[in-house]
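The values are calculated or read from the model by the stated rules, or taken from the named source; none is laboratory data. This is a predicted model, so every value here is computed, not measured. As a convention, Cβ positions derive from the backbone with ideal geometry for all residues, glycine included, and neighbour counts pool all protein chains shown. Keep in mind that these areas ignore ligands, DNA and RNA; they rest on the heavy atoms of the full protein, side chains included. Shrake-Rupley method; radii C 1.70, N 1.55, O 1.52, S 1.80 Å.
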Amino acid sequence: QAHAKVWHLYNDHFRPAQRGKVSIALSSHWIKPQRMTETNIKECQKSLDFVLGWFAKPIFIDGDYPESMRSNLSSLLPEFSEAEKKYIKGTADFFALSFGATLSFQLLDSHMKFQQLESISLRQLLYWINSEYNNPQIFIVENSWFVSGTTKKDDAKYIYYLKKFIMETLKAIRYDGVHVFGYTVWSLLDGFEWHRGYSIRRGLFYVDFQSHDKKLMPKSSVLFYQKLIEKNGFPPLPENQPIEGIFPCGFAWGIVDNYIQVDTTPAQFLDSSVYVWDVHQTMQLIKVDGVYTSKRKRHCVDFAAIRLQISLLQEMHVTHFHFSLKWSLILPLGNLSLINHTLVHYYQCFASELLRVNITPVVALWQPMIENQELPVSLAKYGAWENTETVQAFVEYARFCFTSLGDHVKFWITMNEPSVKNLTYTAGHNLLKAHAKVWHLYDKEFRRSQKGKISIALQADWVEPACPFSRNDQEVADRILEFDIGWLAEPIFGNGDYPEVMRAWLHRRNSVDLYNFHLPYFSEDEKMLIQGSFDFFALSHYTTTLVGSEKEDAVKYDHYLEVQMINDITWLHSPSRAAVVPWGLRKLLKWVKSKYGNVPIYVMANGIDDDQNMVHDKLRVYYIQNYINEALKAYTLDDVNLQGYFVYSFNDKTAPKYGLYSYVANQYEPKPSLKHYREIIGNNGFPGPETPELLCPEEVSSCPDCHFFRTRKSLLAFISFVFVAFIVTIFFITYYSKRVERQY
């Protein structure tokens with residue numbers, strides 16, 4: 001009633017002269033049902049009625065309280081007379097909304113939630129207000145989030161919540177038809193936050209409460225909000241727009257399967273037993289005891305699983321297929337005393353069949369897995385990579401693989417995605433030496449005859465400073481890149497030693513911590529051994545992370561590296577919460593080039609998970625389209641020497657939720673993302689009307705079936721012998737027939 005009287009006062013006596021507007025600012029939350037049932041939806045409506053509708057309905061609708069309040073509160077709720085209803089109704093020139101952590105989200109009485117779930121979706125609240133109160137003009141008069149009271153200038157968490165709220169406001173305007181004509185950040189300065197005191201901060205300007213003059217400093221959020229106002233929103237950035245163009249001739253288009261499906265079950269043709277078919281009674285085959293046929297040698301056609309996988313790969317139109325060998329199964333004891341010849345033969349057949357259909361096998365000798373790191377038990381039991389004996393064991397294992405598979409494999413990876421998160425410094429030290437020794441082994445003993453190439457594949461997700469205006473955050477991002485990528489990359493692709501940033505940081509930590517983080521030293525001979533032990537730079541890239549210097553969330557704070565992990569809640573995320581940030585790949589490729597020169601680069605794995613229950617994997621289609629386009633930008637605009645791109649992963653059976661083939665009821669079905677990837681491969685990128693045609697020379701190989709004879713030399717020798725014998729026989733028959741004729 002007080003509000004209505006003031007509105008009428010202004011309307012009758014001041015509006016004609018002052019021409020202003022008057023309203024009431026109402027605070028609200030947003031609520032969503034625990035389950036999508038009619039009862040829960042009604043409870044959500046009741047929650048909003050009790051918090052926002054209590055004041056909004058009388059003013060914006062009919063001058064009376066919501067019906068849900070009337071039915072629940074009965075006599076506790078006062079009655080308006082008809083005159084009062086008429087007087088209150090319409091006493092607002094616009095809908096002034098307050099939405100934020102202090103005013104609504106975390107101060108709402110639990111009883112007001114009616115056992116439903118509170119949410120911070122400003123867009124949904126705006127849409128509800130628009131629908132509930134007859135499409136009013138809305139002015140957001142208070143909105144923001146908060147940061148810890150210890151946070152000073154780099155308030156990244158505040159920035160990304162602010163970004164989320166303003167983006168949702170923009171979506172409500174553009175897509176939902178909501179009339180929002182203003183937005184106000186809360187608040188200008190840090191201050192006393194009621195029941196929380198000084199434990200949190202909400203201002204754009206930092207206030208030093210301990211100083212005498214309460215010194216003010218602008219936070220990073222000030223610069224963010226200032227830039228946003230200058231641009232009047234979020235206009236598309238030119239560098240994020242897709243480009244047209246194609247990749248070079250011979251570009252490697254690949255697919256990844258960490259471990260191929262291995263099924264060495266003997267074919268029925270290898271069974272030397274004799275059977276009788278009981279056609280009268282059991283209708284089954286009965287084995288005849290004591291009677292056997294001659295055994296024959298195994299052939300690749302005996303492995304039915306290979307034919308299926310090859311046919312699926314052919315459907316993709318890929319040129320390369322990347323998979324890892326299982327060291328623990330090939331050499332169960334970790335040495336050559338026990339060899340799984342059946343498995344080795346399976347790998348040989350798989351690689352040869354790939355070549356037969358013009359797909360290049362890309363084979364990793366070792367890839368760490370959770371159980372025993374995929375090492376033979378005897379090595380895993382005695383220290384794994386902590387033990388120097390594992391280095392020599394790996395070299396002997398590599399020699400065996402080069403000897404057994406080298407005729408079919410020309411593209412080797414020594415170690416695929418060694419996880420630095422799970423490596424000690426000693427283990428990483430030995431791992432680097434093992435890689436270098438295997439590279440030199442191949443270079444000296446196998447390269448000339450096998451004519452292949454070999455390197456290491458590192459996992460390399462991009463790291464971006466959470467506050468783009470903060471020098472401290474940039475230093476943190478640079479540090480994380482060196483610890484995550486440079487740790488193993490710098491010795492091989494750089495100067496033969498660990499990054500100086502690592503050594504300096506660990507020296508600093510060791511001087512203040514109780515624990516001694518010792519980063520080993522390489523001898524000069526070891527540096528020479530490791531430096532340059534590569535033929536290309538292979539990397540796996542999946543996502544981008546944000547890092548900050550201010551400690552905000554203890555759960556996501558790394559005390560060892562003094563880094564705060566930040567989440568941009570406006571980014572697109574997969575079901576596993578992996579962020580989809582295509583431009584991170586381009587930045588990574590540029591960083592590798594700037595650090596290690598114009599080295600040939602292969603993106604050996606790039607992929608995203610999806611919801612297995614969804615028929616159309618739209619997220620993966622979007623992911624592949626945009627990540628490949630960013631790779632094209634790196635190649636065409638940044639002159640990165642990019643040689644190939646591989647999607648992760650082949651199928652859902654071996655990599656659930658990541659596959660381009662779904663696997664249901666023992667059947668493989670192509671997903672829409674597979675067809676989209678195949679189309680990109682067919683176009684060799686994203687050609688446009690003005691893209692010049694690229695004429696690629698045909699491959700030297702005259703026929704795809706020639707490899708059949710190269711891999712079956714004994715058969716070729718036998719055929720040659722028969723042919724020569726046939727020619728000689730014809731010659732002698734002709735010669736003697738003519739001789740007899742002359743004598744006659």
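Being buried (at least 17 other Cβ atoms within 10 Å of the Cβ) and part of a helix (DSSP H, G or I) narrows it down to one residue among S187, S221; which is it?
Exactly one of S187, S221 is buried (at least 17 other Cβ atoms within 10 Å of the Cβ) and part of a helix (DSSP H, G or I), namely S221.
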Looking at (1) open to solvent by 10 Å² or more (accessible area, probe 1.4 Å); (2) free of Cβ contacts under 8 Å to residues at least 24 places away in the same chain, which is the only condition E552 fails?
-> (2)
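Looking at the structure I just gave you, is V51 farther than 27 Å from H111 by Cα, in contact (Cβ under 8 Å) with a residue 60 or more places away in the chain and open to solvent by less than 40 Å² (accessible area, probe 1.4 Å)?
No.
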With the stretch 655-744 as the region, which helices (runs of 4 or more DSSP H) entirely inside it contain at least 1 residues that are among the hydrophobic types (A, V, I, L, M, F, W, C) and at pLDDT below 85?
-> 706-710, 713-743
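From D64, D12, which residue is in contact with a helix residue (DSSP H, G or I) (Cβ under 6 Å, 6 or more places away or on another chain) and modelled with pLDDT of 95 or more?
Of D64, D12, the one residue that is in contact with a helix residue (DSSP H, G or I) (Cβ under 6 Å, 6 or more places away or on another chain) and modelled with pLDDT of 95 or more is D64.
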Considering Y127, Y161, which residue is within 28 Å of D64 (Cβ to Cβ) and either modelled with pLDDT of 90 or more or open to solvent by 70 Å² or more (accessible area, probe 1.4 Å) (or both)?
-> Y127
Within the set of pairs 6 or more residues apart or between chains, which connect a residue that is within 15 Å of Y602 (Cβ to Cβ) inside the stretch 623-639 to a residue that is polar (S, T, N, Q) and outside any helix (DSSP H, G or I) with Cβ atoms less than 8 Å apart?
-> Y627/N606
Condition broken by V301, with the remaining ones in (1) in a loop (DSSP other than H, G, I, E, B); (2) aliphatic (A, V, I, L, M); (3) open to solvent by 80 Å² or more (accessible area, probe 1.4 Å) satisfied = (1)
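Rundown of residues vs (1) modelled with pLDDT of 95 or more; (2) buried (at least 17 other Cβ atoms within 10 Å of the Cβ); (3) outside any strand (DSSP E or B), yes/no style:
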residue	(1), (2), (3)
E464	yes, yes, no
A504	no, no, yes
S511	no, no, yes
M528	yes, no, yes
Any residue in the stretch 475-487 that is assigned to a loop (DSSP other than H, G, I, E, B) and open to solvent by 10 Å² or more (accessible area, probe 1.4 Å)?
-> no
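Here is a list: I173, I166. Which entry is without any contact (Cβ under 8 Å) to a residue 12 or more places away in the chain and either in a strand (DSSP E or B) or under 23 Å from D568 (Cα atoms) (or both)? Break it down stepwise before answering.
On the way: I166 fails: without any contact (Cβ under 8 Å) to a residue 12 or more places away in the chain.
When all the criteria are applied, what remains is I173.
For the stretch 444-462, which positions are more than 27 Å from N606 (Cβ to Cβ) and open to solvent by less than 60 Å² (accessible area, probe 1.4 Å)?
The answer is F446, R447, Q450.
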Considering every residue within the stretch 66-88, establish whether at least one is crowded, with 19+ Cβ neighbours inside 10 Å, in a helix (DSSP H, G or I) and of a type in the set (A, V, I, L, M, F, W, C).
-> yes
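Condition check ((1) within 19 Å of I485 (Cα to Cα); (2) open to solvent by 10 Å² or more (accessible area, probe 1.4 Å); (3) not acidic (D, E)) across all residues:
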{"site": "H541", "(1), (2), (3)": "yes, no, yes"}
{"site": "V547", "(1), (2), (3)": "yes, no, yes"}
{"site": "M565", "(1), (2), (3)": "yes, yes, yes"}
{"site": "S574", "(1), (2), (3)": "no, no, yes"}
{"site": "K587", "(1), (2), (3)": "yes, yes, yes"}
{"site": "Y602", "(1), (2), (3)": "yes, yes, yes"}
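One line per residue, one yes/no per condition, for (1) over 43 Å from the mean Cα position of the chain (by Cα); (2) β-branched (V, I, T); (3) not in a loop (DSSP other than H, G, I, E, B):
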{"position": "F234", "(1), (2), (3)": "no, no, no"}
{"position": "E239", "(1), (2), (3)": "no, no, yes"}
{"position": "P242", "(1), (2), (3)": "no, no, no"}
{"position": "W253", "(1), (2), (3)": "no, no, yes"}
{"position": "I260", "(1), (2), (3)": "no, yes, no"}
{"position": "T264", "(1), (2), (3)": "no, yes, no"}
{"position": "V274", "(1), (2), (3)": "yes, yes, yes"}
{"position": "M283", "(1), (2), (3)": "yes, no, no"}
{"position": "D289", "(1), (2), (3)": "yes, no, yes"}
Just give me the residues in the stretch 349-365 being in contact with a Leu (Cβ under 9 Å, 6 or more places away or on another chain) and crowded, with 18+ Cβ neighbours inside 10 Å, in sequence order.
-> A351, L354, I359, T360, P361, V363, A364, L365
Would you point out the residue of the stretch 404-436, among those that are basic (K, R) and assigned to a helix (DSSP H, G or I), that is most open to solvent (accessible area, probe 1.4 Å)?
-> K421
Taking the stretch 376-403 and keeping residues buried (at least 19 other Cβ atoms within 10 Å of the Cβ) and either out of contact with any Ser or Thr (no Cβ under 9 Å at 6 or more places or on another chain) or assigned to a loop (DSSP other than H, G, I, E, B) (or both) leaves P376, T390, V391, Y397, C401, F402
Result of the Cβ filter at 9 Å on the stretch 381-406, keeping first residues that are within 12 Å of K433 (Cα to Cα) and partners that are assigned to a helix (DSSP H, G or I) and open to solvent by 80 Å² or more (accessible area, probe 1.4 Å), at least 6 apart or interchain, is V391/K437; Q392/K437; F394/K437; V395/K437
Could you count how many residues in the stretch 563-608 are outside any loop (DSSP other than H, G, I, E, B), under 13 Å from the mean Cα position of the chain (by Cα) and free of Cβ contacts under 8 Å to residues at least 40 places away in the same chain?
-> 2
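To keep it simple, each residue is scored yes or no on (1) farther than 30 Å from R678 by Cα; (2) loosely packed, with under 14 Cβ neighbours inside 10 Å; (3) touching a residue at least 24 places away in the same chain (Cβ under 8 Å).
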| position | (1), (2), (3) |
| --- | --- |
| Q281 | yes, yes, no |
| I286 | yes, yes, no |
| D289 | yes, yes, no |
| I310 | no, no, yes |
| M316 | no, no, yes |
| L325 | no, no, yes |
| S328 | yes, no, yes |
| P332 | yes, no, yes |
Filtering the stretch 440-476 down to residues that are without any contact (Cβ under 8 Å) to a residue 12 or more places away in the chain and among the β-branched types (V, I, T) yields none
Could you identify the single residue in L379, L312 that is farther than 18 Å from N416 by Cβ and aliphatic (A, V, I, L, M)?
-> L312
Condition met for W439 (under 30 Å from H299 (Cβ atoms) and buried (at least 21 other Cβ atoms within 10 Å of the Cβ)) | no
